[in-house]
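Each remark here refers to the structure printed beneath this line.
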Amino acid sequence: MTALRTCLLSTALLAACLASASAGAVDVARTSHFNAPAFCQASLPAYDAGLRKRPLGLQNEGDSVSFVTCALATENFIDAVEVYLSSHDGTEAEVTCTLVNGYNYGTNEYITKSVVTDADDYVGMVFLPEDFIDQEETFPSAFVSLSCALPPGTGLNDMWIRYSEDVGA
């Protein structure tokens, strides 16, 4: 009887601890930063010839559009993805990127956006939960990939992923 009483008391204490921990849950905003050369590559070997991986960006130094794919490491459900692009030849060009939210054999959503690079500065492209159907607070899935068509003279530089993390009380 004593062993049963000890087991029940332990179970009750564990349940109380878990309940009090979740009652005082605190979400903290986090941001992960990535440089494109570490997470992006040519979509096909044919595009490799025009791409140059530099410390601060993946640049298209070729004569035609190069397609790149980026696999982004995530921690939790995502609040926003920011992508920063630039011109490295001093001209403006339109860059189109498609964010893929989901995983192989899952329900996936594709959001396509375009921006015109600035001849003298970075330009940002932001993906938000509202871009997806019926989403308000986070992306539908914690899995995120990106595909971009980089015209000649453009570069894919930094990517930021914003998310919330439950750190307890």
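The values are calculated or read from the model by the stated rules, or taken from the named source; none is laboratory data. Fair warning: this is a prediction, and the values are worked out from it, not measured in the lab. Because the Cβ atoms are built from the backbone with ideal geometry, glycine has one as well, and the counts that use them run over all protein chains shown. All accessible areas refer to the heavy atoms of the entire protein, side chains included, with ligands and DNA or RNA removed. Shrake-Rupley method; radii C 1.70, N 1.55, O 1.52, S 1.80 Å.
What is the list of residues in the range 69-83 whose amide nitrogen lies under 15 Å from a point 7 angstrom out from the Cα of L128, following Cα to Cβ?
79-83
Counting only heavy atoms of protein chains, what accessible area per residue, in Å², does the range 86-169 have with a probe of 1.4 Å?
52
Among [x] 1.42; [y] 1.00; [z] 1.24, find the value of Cα Rg over 2.2 N^0.38 Å that was calculated from the structure presented, and write down its label.
The listed entry that was calculated here is [x].
Among V65, C40, C97, pick out the residue whose Cα is farthest towards the positive end of the charge dipole of the chain, where Lys and Arg carry +1 and Asp and Glu carry -1 on C-beta, about the Cα centre.
The listed residue farthest towards the positive side: C40.
Could you calculate the contour length gain from D89 to E61, that is, 0.36 nm times the residue separation minus the distance between their Cα atoms, to one decimal place in nm?
Full extension from D89 to E61 adds 9.2 nm.
Could you please state how large a percent of the accessible area of the chain is carbon and sulfur, counting protein chains only and using a 1.4 Å probe?
The C+S portion of the solvent-accessible surface of the chain is 55 percent.
About the Cα centre of the chain, what is the dipole size in debye to 20, counting +1 per Lys and Arg Cβ and -1 per Asp and Glu Cβ, all else neutral?
My answer is approximately 860 debye.
Run the Debye formula on the Cα coordinates of the range 81-169, all scatterers equal and no solvent, and tell me log10 I(q)/I(0) at q = 0.12, 0.22 1/Å.
-0.42, -1.03
So what are the ³J(HN,Hα) numbers for the range 114-120, from phi and the Karplus equation (6.51, -1.76, 1.60; θ = phi - 60°), rounded to whole Hz, Gly and Pro as x?
For the range 114-120, the Karplus-derived couplings read 10, 9, 9, 5, 8, 5, 10 Hz, x marking Gly and Pro.
Applying a 10 Å radius around every beta-carbon, put 113-121, 63-71 in order of their mean neighbour count, most first.
63-71, 113-121
About its Cα centre, how strong a charge dipole does the range 107-169 have in debye, to the nearest 20, once Lys and Arg get +1 and Asp and Glu get -1 at the Cβ?
280
Please give the helix 2-23 orientation as an angle from the longest Cα principal axis of the chain, in degrees from 0 to 90, rounded to the nearest 10.
40
So for the chain, taking the charge dipole from beta-carbon charges (+1 Lys/Arg, -1 Asp/Glu), which of S86, M159, T112 sits furthest toward the positive end?
Highest projection toward the positive end goes to M159.
Nearest 500 deg cm²/dmol is fine: what mean residue ellipticity at 222 nm does the chain get from its DSSP H runs of n ≥ 4 alone, each adding -39,500 (n - 2.57), divided by its residue count?
-5000 deg cm²/dmol
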